[in-house]
Amino acid sequence: AQKITQTQPGMFVQEKEAVTLDCTYDTSDPSYGLFWYKQPSSGEMIFLIYQGSYDQQNATEGRYSLNFQKARKSANLVISASQLGDSAMYFCAMREATSGNTGKLIFGQGTTLQVKP
Amino acid sequence: DAGVTQSPTHLIKTRGQQVTLRCSPISGHKSVSWYQQVLGQGPQFIFQYYEKEERGRGNFPDRFSARQFPNYSSELNVNALLLGDSALYLCASSPEGSFSEQFFGPGTRLTVL
């Protein structure tokens, strides 16, 4: 079963506008963490934001915020004031506490974001 | 501080050959994980090492092996290369006891001809 689902293969956004990238997840583990990474064409995975399953507040990091809806099992990434440099592939990932100390991240298929000038 | 480093950046091999990829974690990080990312897909977990011991293994054949050295750097070895092994291989490091942090290197792009 797919544990991380990103339903938007590609998205376009106008420069300076906000955009939401969708992510739903599936786990029976009460303790888990959700991550968003940005992958430019160079290939490096750049950490953006983290949300723990027990965190009461939605995570924010600069222009990035995570809209965490636990009951719906969704963890959407919101990018405010898009910039041309935001054009990249974005991955949602999950780590489950039951994976123990493996550090294993489960990734979705990714969403390609293109920012138009 | 330097981030996670990987070498080589690019590699071209032929079917049946063997390859070794290298990773140096962020200073102070004792955990190293390896991921394979085939073009157009998300990364897939291969291995995690902590304090030189294998802590986790993904669904990969025995042709894939790894090890971690006393300085916490790591090598990923792939034997009897197949065309399907062509991918970006990513290394990630984590600080001890951290659930929320995993930082990736730039990756090694392996092409098998």
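The values are calculated or read from the model by the stated rules, or taken from the named source; none is laboratory data. Please read all numbers here as calculations on a predicted model, not as lab measurements. Quick reminder, even Gly has a Cβ in these numbers, built from the backbone with ideal geometry, and neighbours come from all protein chains shown.
Miscellaneous remarks
- Screening B:SER33 against (1) surrounded by 12 or more Cβ atoms within 10 Å (Cβ to Cβ); (2) more than 14 Å from chain A (Cβ to nearest Cβ); (3) out of contact with any Asp or Glu (no Cβ under 9 Å at 6 or more places or on another chain) leaves a single unmet condition, (2).
- Single residue of B:LEU76, B:LEU88, B:LEU83 found to be under 20 Å from B:ARG15 (Cβ atoms) and over 15 Å from the mean Cα position of the chain (by Cα): B:LEU83
- Residue match in region A:76-92 (condition: surrounded by fewer than 20 Cβ atoms within 10 Å (Cβ to Cβ) and under 10 Å from the mean Cα position of the chain (by Cα)): yes
- Top-ranked residue of region A:10-37 - restricted to ones that are of a type outside the set (D, E, K, R) and farther than 23 Å from A:GLU96 by Cβ, ranked as nearest to the other protein chains (Cβ to nearest Cβ): A:GLY10
- If you check B:THR9, B:THR20 for being β-branched (Val, Ile, Thr) and over 11 Å from the mean Cα position of the chain (by Cα), only one passes: B:THR9.
- Scan of region A:69-105 for residues that are facing chain B (nearest Cβ under 9 Å), modelled with pLDDT under 95 and outside any loop (DSSP other than H, G, I, E, B), ordered by number: A:ARG95, A:ALA97, A:SER99, A:GLY100, A:ASN101, A:THR102
- Among residues of region B:4-15 that are farther than 23 Å from B:TYR72 by Cα, those with a Cβ under 7 angstrom from a residue that is assigned to a loop (DSSP other than H, G, I, E, B), sequence gap 6+ or separate chain, pair up as B:ILE12/B:LEU113; B:LYS13/B:LEU81; B:THR14/B:LEU113; B:ARG15/B:LEU81; B:ARG15/B:LEU82.
- Test: residue in region B:17-30 that is among the small types (Gly, Ala, Ser) and either within 21 Å of B:PHE60 (Cβ to Cβ) or within 11 Å of chain A (Cβ to nearest Cβ) (or both): no
- Applying the condition of being within 24 Å of B:GLN17 (Cα to Cα) and surrounded by fewer than 22 Cβ atoms within 10 Å (Cβ to Cβ) to region B:89-113 and asking which residue is farthest from the other protein chains (Cβ to nearest Cβ) yields B:LEU113.
- Annotation: of all residues in region A:38-60 being within 12 Å of another protein chain (Cβ to nearest Cβ) and over 27 Å from B:GLY40 (Cα atoms), the one that is surrounded by the fewest Cβ atoms within 10 Å (Cβ to Cβ) is A:TYR54.
- Within region B:57-76, tally of residues that are closer than 17 Å to B:GLN44 by Cβ and not hydroxyl-bearing (Ser, Thr, Tyr): 10
- Evaluation of A:TYR64 against (1) closer than 19 Å to A:MET89 by Cβ; (2) in contact with an Asp or Glu (Cβ under 9 Å, 6 or more places away or on another chain); (3) touching a residue at least 24 places away in the same chain (Cβ under 8 Å) (one fails), failing number: (2)
- Within region A:106-117, the residues that satisfy the criterion of being at the interface with chain B (Cβ under 7 Å from one of its Cβ atoms) and surrounded by 20 or more Cβ atoms within 10 Å (Cβ to Cβ) are A:PHE107, A:GLY108, A:GLY110.
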